[in-house]
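Participant: Could you have a look at this structure, given as structure tokens, before my questions?
The values are calculated or read from the model by the stated rules, or taken from the named source; none is laboratory data. The model shown is predicted, which means the values in this text are computed figures rather than measured ones. Neighbour counts are summed over all protein chains in view; Cβ atoms, including those assigned to glycine, are modelled from backbone coordinates with ideal geometry. Quick note on the areas: whole protein, heavy atoms, side chains included, nothing else; ligands and nucleic acids left out. Shrake-Rupley method; radii C 1.70, N 1.55, O 1.52, S 1.80 Å.
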Amino acid sequence: MRFVGSIEAKADSKGRVFLPAAFRKLLQAAGEEGLILRKDIFQPCLVLYPESVWNEQLNLLRARLNRWNPQHQQLFRQFVSDVEPLTLDANGRLLVPRRYLRMAGIEQDVKFIGMDDTIELWNNAGTERPFVEAEEFARQLGDIMGSPDAAGAQS
């Protein structure tokens, strides 16, 4: 399942927003019914994880953490404590709790951005400028794709 593209939408007064049809079709084709919503750890946006992707991420994180290390337990607790399981209603809408909308600065205008195996929800105004300026984007992508490590990853 690969979510790509960006699609604008509007949240209603209750915080309901239609999940874009292209993303809904991918979820349905993959047999995904549940979604997990979490505030992104780096950016002022929300992240929707299909349940299977969320479970993979949890397994990966848990495998790297020691249950008997107090700092690791706090880190895991922080990661899993502030999530919201969501399901689409019969009309294909998500009810995003108000506290999450506030976390991302979303009032009404939402932009969905497909991020491969997850979907980000942004305040549409926050996406008017590029995330990385064009020259810097080209330089960084060239560095990454031209590096010896990237060559091995391409196969």
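Participant: Take every Cα-Cα distance within segment 3-155, group them into 10 Å bins from 0 onward, and report for each bin the whole-number percent of pairs it holds.
Facilitator: P(r) over segment 3-155, rounded to whole percents: 10, 33, 32, 22, 3, 0.
Participant: Suppose every Lys and Arg Cβ carries +1 and every Asp and Glu Cβ carries -1, with no other charges. What dipole size does the chain come out with about its Cα centre, to the nearest 20 debye? Mind showing how you got there, number by number?
Facilitator: Details: 19 positive and 21 negative charges, 129 e Å.
Its charge dipole is roughly 620 debye.
Participant: Quick one: P(r) of segment 30-91 from all Cα-Cα pairs, 10 Å bins, percents rounded to integers, in order of increasing distance.
Facilitator: So the P(r) values, bin by bin, are 20, 46, 27, 6, 1.
Participant: Choose one answer from D89, D117, D143: the residue with the largest mean-square fluctuation in a GNM of the chain with alpha-carbon springs under 10 Å.
Facilitator: Highest fluctuation of the listed residues: D143.
Participant: What residue among I144, I41, I119 has the largest mean-square fluctuation in a Gaussian network model of the chain, using Cα springs under 10 Å?
Facilitator: For the chain, modelled as a Gaussian network with Cα springs under 10 Å, the answer is I144.
Participant: Given 0.36 nm per residue, what is the gain on full extension from W68 to E135 after removing their alpha carbon distance, in nm? Please report the intermediate quantities before stating the final value.
Facilitator: Values: separation 67, 0.36 × 67 = 24.12 nm, distance 4.59 nm.
Length gained, W68 through E135: 19.5 nm.
Participant: I want to check the label-to-label distance for K39 and V80. Put each point 7 Å from Cα in the C-beta direction and report it in nm to one decimal.
Facilitator: About 2.0 nm separates the two model spin labels.
Participant: Counting only protein heavy atoms and using a 1.4 Å probe, what share of the accessible area of the chain belongs to carbon plus sulfur, as a whole percent?
Facilitator: On the way: 5260 of 10020 Å².
Solvent-exposed carbon and sulfur of the chain make up 52 percent of the total.
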